[in-house]
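Colleague: Mind looking over this structure? Questions follow.
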Amino acid sequence: SLDVLGVRDGYHLIDSVVTTIDICDIIAVKKRKDELVSVTMRGMGSEDIPYERNNAVKAAEAFISAYSTKGADITVWKNIPMGAGLGGSSADAAGVLNALGALYGVDDAVGIKAIADSLGSDTGYMLTGGYARISGRGEIVRPLDCDLKLDLALIIPSSGVSTGACYALSDSLGQKVQTSDEVERALSEGDREKLGKALSNGLYA
């Protein structure tokens, strides 16, 4: 579910129930002797992402700056479709932070979460995944005790959607759909039929 509740300080406020699906990008990291970052993208058209807009690059640079480590050579193999609302860019940033934490022995969940939150609204959630309810800008993450396995049909359009443009258009339409309470309740009850009826996306219109 995605409930869009309004705007505060230039950020959209959301209330959303999310979970992890079994499509993932693969990230490999290797230590460098200097403090530089090298990121190579492979697959799904990711080779065309401008370096300065690549969240994997931003995550690595922020990590190295925060913890004064050496740099890294990073390769990302994309399997998550881009521009499809699946959080692939945020997942890459979170994956890089987790990988660099393991590579350099940095065990600082709070600090790494802060870096993740600075990179994108759902990046902090992507550090752990699983069923969760996220709110605020997406930085408030409350894990849900649920192990329900769901079979989903994932339909991806041939062209992506700009998140910013989508939110802006949603603001102009003024429509508010709120189903996150119902979705969480259905999950807690393990009621697939109730869940199916409650699923919604506030940006669908």
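The values are calculated or read from the model by the stated rules, or taken from the named source; none is laboratory data. Here the structure is a predicted model, which is why all the values come from computation and not from measurement. A quick note on method: Cβ atoms are made from the backbone with ideal geometry, for glycine too, and the neighbour counts reach across all protein chains shown. For accessibility, only protein heavy atoms count, side chains too; no ligands or nucleic acids. Shrake-Rupley method; radii C 1.70, N 1.55, O 1.52, S 1.80 Å.
Colleague: Between A84, A72, A94, which is within 19 Å of the chain's Cα centre (by Cα) and open to solvent by less than 30 Å² (accessible area, probe 1.4 Å)?
Modeller: When all the criteria are applied, what remains is A94.
Colleague: While we're on this one: Among the residues of the stretch 101-123, write down those that are under 23 Å from M82 (Cα atoms) and either surrounded by fewer than 19 Cβ atoms within 10 Å (Cβ to Cβ) or in contact with a strand residue (DSSP E or B) (Cβ under 6 Å, 6 or more places away or on another chain) (or both).
Modeller: Listed by number, the list holds a single entry, S118.
Colleague: Same structure, new question: How many of the residues in the stretch 85-122 are over 24 Å from D181 (Cβ atoms) and out of contact with any Gly (no Cβ under 8 Å at 6 or more places or on another chain)?
Modeller: Of the residues in the stretch 85-122, 22 are over 24 Å from D181 (Cβ atoms) and out of contact with any Gly (no Cβ under 8 Å at 6 or more places or on another chain).
Colleague: Filter the stretch 168-205 down to the residues that are in contact (Cβ under 8 Å) with a residue 24 or more places away in the chain and among the hydroxyl-bearing types (S, T, Y) and list them by number.
Modeller: Across the stretch 168-205, the qualifying residues are S170, T179, S180, S188, S200, Y204.
Colleague: Another question, if that's okay. Within the stretch 153-160, identify whether any single residue is open to solvent by less than 80 Å² (accessible area, probe 1.4 Å), farther than 19 Å from P81 by Cβ and among the hydroxyl-bearing types (S, T, Y), and answer yes or no.
Modeller: Within the stretch 153-160, not a single residue is open to solvent by less than 80 Å² (accessible area, probe 1.4 Å), farther than 19 Å from P81 by Cβ and among the hydroxyl-bearing types (S, T, Y).
Colleague: Also: Sort out which residues of the stretch 4-58 are open to solvent by less than 60 Å² (accessible area, probe 1.4 Å), in a strand (DSSP E or B) and modelled with pLDDT under 95, and write them in order of number.
Modeller: V4, G6, H12, L13, I14
Quick grid of which residues meet (1) within 18 Å of the chain's Cα centre (by Cα); (2) modelled with pLDDT under 90; (3) polar (S, T, N, Q); (4) not in a loop (DSSP other than H, G, I, E, B):
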residue	(1), (2), (3), (4)
K113	yes, no, no, yes
G138	yes, no, no, no
A153	no, no, no, no
L187	no, no, no, yes
K194	no, no, no, yes
K197	no, no, no, yes
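Colleague: Please go through (1) crowded, with 16+ Cβ neighbours inside 10 Å; (2) out of contact with any Cys (no Cβ under 6 Å at 6 or more places or on another chain); (3) among the hydroxyl-bearing types (S, T, Y) for Y131 and return the number of the only condition it doesn't satisfy.
Modeller: Evaluating Y131 over (1) crowded, with 16+ Cβ neighbours inside 10 Å; (2) out of contact with any Cys (no Cβ under 6 Å at 6 or more places or on another chain); (3) among the hydroxyl-bearing types (S, T, Y) leaves (2) as the failure.
Colleague: So, one more: Yes or no: I64 buried (at least 16 other Cβ atoms within 10 Å of the Cβ) and more than 30 Å from Q178 (Cβ to Cβ)?
Modeller: In short, yes.
Colleague: Continuing with the same structure: Filter the stretch 144-179 down to residues that are in contact with a helix residue (DSSP H, G or I) (Cβ under 6 Å, 6 or more places away or on another chain) and under 15 Å from N201 (Cα atoms), then give me how many there are.
Modeller: 1
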